[in-house]
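The values are calculated or read from the model by the stated rules, or taken from the named source; none is laboratory data. Note that the coordinates shown come from a computational prediction; the quantities given were computed from them, not determined experimentally. Note: ideal-geometry Cβ built from the backbone for every residue, glycine included; neighbour counts use all protein chains shown.
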Amino acid sequence: MSAPTVEMEYRRLGRTGLVVSAVGFGSWATLGERVDDATGRSLLREAYDLGINFFDNAETYGDGRGEEAVGRALAAFKWPRETFVVSGKVFWGVHGKRPNTWGLSRKHVVEGCHAALRRLGLDHLDLFLCHRPDPNTPLDETVRAMSDLVTQGKVLYWGTSEWSADAVRDALGIAARDGFVGPSLEQLRYNLLDRRRVEVDFADLHHRAGLGITTWSPLAYGLLAGRYGEGAPPGGRLADPAYRWLREDLFGDDEADLVARVAAVSRLAGDLGLHPARFALAWVLRNRAVSSAITGASHPAQLRESVRATTAVQQVDDPAVLAEVDRLLGLPEPPRPGGRE
């Protein structure tokens, strides 16, 4: 393994003993889908060489092909197991919405874990997350199923992704009441344009309950990297009809206005001598509640730029810079942290 050009920062996952790289590498929409095996392996190798030790996956990424691609790479690399952290997520399934093939029933949680282990070629998952809440399954059932996987050694820590703070509180309450292992982390979207849930909704759970927080989409699907100043480039996710929902989710009803505001932030980043992507990711990492910011990449250069963001945190975390960013984006005064009323 070559020495990384930038020393990676590592952070503890909430109050657990697990340490993860401040920048993680996610397989969504790339491995097993938009890049071939050779490219995928080069990306994983580059990430590892740069000091990234956290690799994020889910059963639904490429209908399992993402995990299979990671599994083939891990088998080829033969990295010492203690040197990397692998996550899996369960909810959507890989066989469409047939009975019991999706959701958070005990059956799908357990079988989803076993399937992920097979695809990844591992005997345990470091992190296993409930990818979405399931209103059709009693929460007690899901908490017990996840707790049992931890007790059995198939999962080291379990968590949630895109749950409400109140639902996570309920899960923690059930675990405490019934003697189960509760969730250790929540994974949610967090970037310059999407802040409230990390900074307000989950603030109390992080500070008082020690909940770890990992985040995804630090670059808002590439918008904050300056890629869409003149529209979605051919070959990108926002230009792909399969990801039409993503474009609608990001831009809403006024694409031109949002692009203009983001362009102003990109110019501010340039004035500071920073690439827009590096600036946006450093903004996320300035929040010490974030254990790891998960990024994607289709080229090694993108990974290198992401890792370099760790060296720009102090520069971005300047009150004057932060205030100017909020002004350019037209954001109100930051809301105060709160919890369930």
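Points to keep in mind about this one:
- Boolean, LEU172 is surrounded by fewer than 19 Cβ atoms within 10 Å (Cβ to Cβ), of a type outside the set (Gly, Ala, Ser), over 26 Å from VAL316 (Cβ atoms) and in contact with a Pro (Cβ under 7 Å, 6 or more places away or on another chain): yes
- Subset of region 93-108 that is under 11 Å from THR60 (Cα atoms) and surrounded by fewer than 20 Cβ atoms within 10 Å (Cβ to Cβ) - its residue that is nearest to the chain's Cα centre (by Cα): VAL94
- Residue match in region 150-163 (condition: over 30 Å from ALA282 (Cα atoms), touching a residue at least 40 places away in the same chain (Cβ under 8 Å) and of a type in the set (A, V, I, L, M)): yes
- Considering residues of region 189-221 that are among the small types (Gly, Ala, Ser) and out of contact with any strand residue (DSSP E or B) (no Cβ under 6 Å at 6 or more places or on another chain) only, the residue surrounded by the most Cβ atoms within 10 Å (Cβ to Cβ): ALA203
- Test for SER42: is it crowded, with 17+ Cβ neighbours inside 10 Å and more than 24 Å from GLY210 (Cβ to Cβ): no
- GLU186 acidic (Asp, Glu) and either surrounded by fewer than 22 Cβ atoms within 10 Å (Cβ to Cβ) or in contact with a Lys or Arg (Cβ under 6 Å, 6 or more places away or on another chain) (or both): no
- Residue that is in contact with a helix residue (DSSP H, G or I) (Cβ under 9 Å, 6 or more places away or on another chain) and either modelled with pLDDT of 95 or more or of a type in the set (Asp, Glu) (or both), where the choices are SER105, SER27: SER105
- Any hit, region 252-261, residues being within 21 Å of GLN302 (Cβ to Cβ), in contact with a helix residue (DSSP H, G or I) (Cβ under 6 Å, 6 or more places away or on another chain) and either assigned to a helix (DSSP H, G or I) or at pLDDT below 95 (or both): no
- Subset of region 49-65 (residues that are modelled with pLDDT of 95 or more and surrounded by 21 or more Cβ atoms within 10 Å (Cβ to Cβ)): LEU50, ILE52, ASN53, PHE54, PHE55, ASP56, ASN57, ALA58, GLU59
- Scope region 22-71; condition without any contact (Cβ under 8 Å) to a residue 40 or more places away in the chain and of a type in the set (D, E, K, R); matching residues: GLU33, ASP36, ASP37, ARG41, ARG45, ASP63, ARG65
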